[in-house]
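A.B. asks: Quick one: structure below, then a few questions.
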């Protein structure tokens, strides 16, 4: 049975369909990614799955329970790392965990026993008695993750878990999430970082305007939706890029221009690379295409605010 | 599953309060005491006895109730709003097996608890001043609880509607302050025009005063069931409205 099963989900606010007929299933013990630009409906979908708002249509089963009818029972098996930290500023790290355990009906003695392991998992052992205001952004995120694990959940929801973190802090979170997955937890993740999704997710869906526009493993999505190689060409202020693009467009399967950069998507870039070797005033990077290329192809380059 | 209900929410607030308990109690005590002593002895020296008791004793009963009301109101407005809107503590709790009913009920009972501390602190001072008359004064304790619950529930309605802290000022200027003046806290309501006294008599603060003043004087209050009933009904109805409005605000 799926850890989370969503079918035909719809949610309307005013006259905008924030979630417009979404279906997906998350297998237990896997990491599932929910990707999409700002305003695509990711956070609303998570809120619906947790039973924090009622859908206008559709069915949700979380941890074997119908949502929203049995949401409170289902949430006993679920941990949540919200997008914005809502740790209790009046408490120390250890107190945050203790108080949160009570919301799950856990006995203080049981939670106290778990606290050292939870703090160690979050690399916060030395901060047990530190107040929240003294923690860095990365520490707060890690404590929020530890807090989500206080009742040893089967399923963990993570809403943009690494937004605003420096690379070191981000890598530490990734490492911990991999550890959780190998411990058999199901992870459900939203993110804007395609490298994060590529590293962590077994399967993912891309949603936009509340609809699913792609689904698969990161590898499958790259193979299905995009040419395998990309050559990014940058104009070095010589103004020769537009002419170069016009002259060599046929060397790529697809060309996209964004400001001072042209993206040549190709199966075989040899001829293009040869042409670039002799071009003045242009710099280039040749790389394998990645999930970000897929994401931008599917959702467009224009800003979403 | 073991469903913990509202208690862990109450417990959370209690744990925060415990860290600053003494300054909190003293802070809540200072303002009403200054008014009570200042008006009671200053103004009271020029006044005749009211209903056979000195003005300071009359005012003491009103101060216990007004202080309970203020403490419950402040907690249900400013402190609950901080937890709900600023710190997002409620959001964090709603991700656990607890539901919104647990959260709002926890806040209700916590605000009532805190107002109970305030009312009791005043009662202790009043007793030390020799203004209590016999063991009937012990029944002031449940009267404080009922008054605190009613104002906690009423405050939570306004909390659910508030866009910002500034909004709470209207609650005080439009509701709390006029009510304090027509509920017999500072002066007997028979000084008021009949229609205004009639409105005042039905307000929850007047219900509390109607219980506490005779008990402080060592008498059994008249119409106990009516006053208790109005306070309990106010609590139940206001809580139901507050819960519905908060649900609309947070879980839409």
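A.B. asks: With respect to residue B:32, determine if the residue is within 14 Å of another protein chain (Cβ to nearest Cβ), in a helix (DSSP H, G or I) and over 15 Å from residue B:159 (Cβ atoms).
C.D. replies: Numbers: within 14 Å of another protein chain (Cβ to nearest Cβ): no; in a helix (DSSP H, G or I): yes; over 15 Å from residue B:159 (Cβ atoms): yes.
In short, no.
To keep it simple, each residue is scored yes or no on (1) within 30 Å of residue A:44 (Cβ to Cβ); (2) within 14 Å of chain A (Cβ to nearest Cβ).
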| site | (1), (2) |
| --- | --- |
| B:100 | yes, yes |
| B:114 | no, no |
| B:126 | no, no |
| B:133 | no, no |
| B:136 | no, no |
| B:140 | no, no |
| B:145 | no, no |
| B:153 | no, no |
| B:157 | yes, no |
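A.B. asks: Right, residue B:161: modelled with pLDDT of 95 or more and closer than 26 Å to residue B:108 by Cβ or not?
C.D. replies: Values: modelled with pLDDT of 95 or more: yes; closer than 26 Å to residue B:108 by Cβ: yes.
Criteria met by residue B:161.
A.B. asks: Scanning segment A:274-292 for residues that are modelled with pLDDT of 90 or more and over 12 Å from residue A:231 (Cβ atoms), which turns out surrounded by the most Cβ atoms within 10 Å (Cβ to Cβ)?
C.D. replies: In this case the residue turns out to be A:291.
A.B. asks: Pick out the one residue from B:76, B:92 that is under 22 Å from residue B:161 (Cα atoms) and in contact with a strand residue (DSSP E or B) (Cβ under 9 Å, 6 or more places away or on another chain). Walk me through it before giving the result.
C.D. replies: Values: B:76 fails: in contact with a strand residue (DSSP E or B) (Cβ under 9 Å, 6 or more places away or on another chain).
Among B:76, B:92, only B:92 is under 22 Å from residue B:161 (Cα atoms) and in contact with a strand residue (DSSP E or B) (Cβ under 9 Å, 6 or more places away or on another chain).
A.B. asks: Does segment B:123-145 contain any residue that is crowded, with 24+ Cβ neighbours inside 10 Å, in contact with a helix residue (DSSP H, G or I) (Cβ under 9 Å, 6 or more places away or on another chain) and within 30 Å of residue A:72 (Cα to Cα)?
C.D. replies: no
A.B. asks: Now for a separate question. So how many residues does segment A:52-75 have that are under 26 Å from residue B:15 (Cβ atoms) and within 23 Å of the chain's Cα centre (by Cα)?
C.D. replies: 2
A.B. asks: Of all residues in segment A:202-211, count the ones that are out of contact with any helix residue (DSSP H, G or I) (no Cβ under 6 Å at 6 or more places or on another chain) and buried (at least 19 other Cβ atoms within 10 Å of the Cβ). Show your work before the answer.
C.D. replies: Quick first cut of segment A:202-211, residues out of contact with any helix residue (DSSP H, G or I) (no Cβ under 6 Å at 6 or more places or on another chain) only: A:202-203, A:205, A:207, A:209-211.
From what's left, buried (at least 19 other Cβ atoms within 10 Å of the Cβ): A:205, A:207, A:210.
Result for segment A:202-211: 3.
A.B. asks: Please work out which residue is nearest to the other protein chains (Cβ to nearest Cβ), limiting yourself to segment B:1-27 and to residues that are within 21 Å of residue B:84 (Cβ to Cβ) and not in a helix (DSSP H, G or I).
C.D. replies: Per the criteria, the residue is B:4.
A.B. asks: Search segment B:77-92 for residues that are more than 11 Å from chain A (Cβ to nearest Cβ) and pair each with any residue that is in a helix (DSSP H, G or I) and surrounded by fewer than 18 Cβ atoms within 10 Å (Cβ to Cβ) when their beta-carbon atoms are under 7 Å apart and the residues are at least 6 apart or on different chains.
C.D. replies: Matching pairs, first to second residue: B:78/B:165; B:81/B:165.
A.B. asks: Also: Can you find even one residue in segment A:164-183 that is assigned to a strand (DSSP E or B) and within 30 Å of residue A:73 (Cα to Cα)? Spell out the reasoning first.
C.D. replies: To start, the set of residues in segment A:164-183 that are assigned to a strand (DSSP E or B) comprises none.
No, every residue in segment A:164-183 fails to be assigned to a strand (DSSP E or B) and within 30 Å of residue A:73 (Cα to Cα).
A.B. asks: Go over the candidates B:209, B:228, B:220 one by one and state the one that is crowded, with 19+ Cβ neighbours inside 10 Å, in contact (Cβ under 8 Å) with a residue 40 or more places away in the chain and out of contact with any strand residue (DSSP E or B) (no Cβ under 9 Å at 6 or more places or on another chain).
C.D. replies: Numbers: B:228 fails: crowded, with 19+ Cβ neighbours inside 10 Å; B:220 fails: crowded, with 19+ Cβ neighbours inside 10 Å.
Residue meeting the stated conditions: B:209.
A.B. asks: Sort through B:38, B:52, B:44 and tell me the only one that's more than 14 Å from every other protein chain (Cβ to nearest Cβ), at positive phi and more than 21 Å from the chain's Cα centre (by Cα). Give the derivation first.
C.D. replies: Numbers: B:38 fails: at positive phi; B:44 fails: at positive phi.
Only one candidate passes the filter, namely B:52.
A.B. asks: Looking at segment A:241-272, which of its residues are in contact (Cβ under 8 Å) with a residue 40 or more places away in the chain and loosely packed, with under 15 Cβ neighbours inside 10 Å? Please lay out each step first, then the result.
C.D. replies: Here is the first cut: in segment A:241-272, the ones in contact (Cβ under 8 Å) with a residue 40 or more places away in the chain are A:241, A:256, A:258, A:267, A:269, A:272.
Once the filter is applied, which keeps residues that are in contact (Cβ under 8 Å) with a residue 40 or more places away in the chain and loosely packed, with under 15 Cβ neighbours inside 10 Å, segment A:241-272 yields A:258, A:267.
A.B. asks: Separate question: Could you please let me know if residue B:215 is touching a helix residue (DSSP H, G or I) at 6+ places or on another chain (Cβ under 6 Å), surrounded by 22 or more Cβ atoms within 10 Å (Cβ to Cβ) and at pLDDT 95 or above?
C.D. replies: On the way: touching a helix residue (DSSP H, G or I) at 6+ places or on another chain (Cβ under 6 Å): yes; surrounded by 22 or more Cβ atoms within 10 Å (Cβ to Cβ): yes; at pLDDT 95 or above: yes.
Criteria met by residue B:215.
A.B. asks: Which residues, counting only those in segment A:122-154, are touching a helix residue (DSSP H, G or I) at 6+ places or on another chain (Cβ under 6 Å) and not in a loop (DSSP other than H, G, I, E, B)?
C.D. replies: A:125, A:127, A:138, A:143, A:146, A:147
The values are calculated or read from the model by the stated rules, or taken from the named source; none is laboratory data. This structure is a prediction, so every number in the text was calculated from the model and none was measured. Cβ coordinates were reconstructed from backbone atoms using ideal geometry, including for glycine residues, and neighbour counts include every protein chain displayed.
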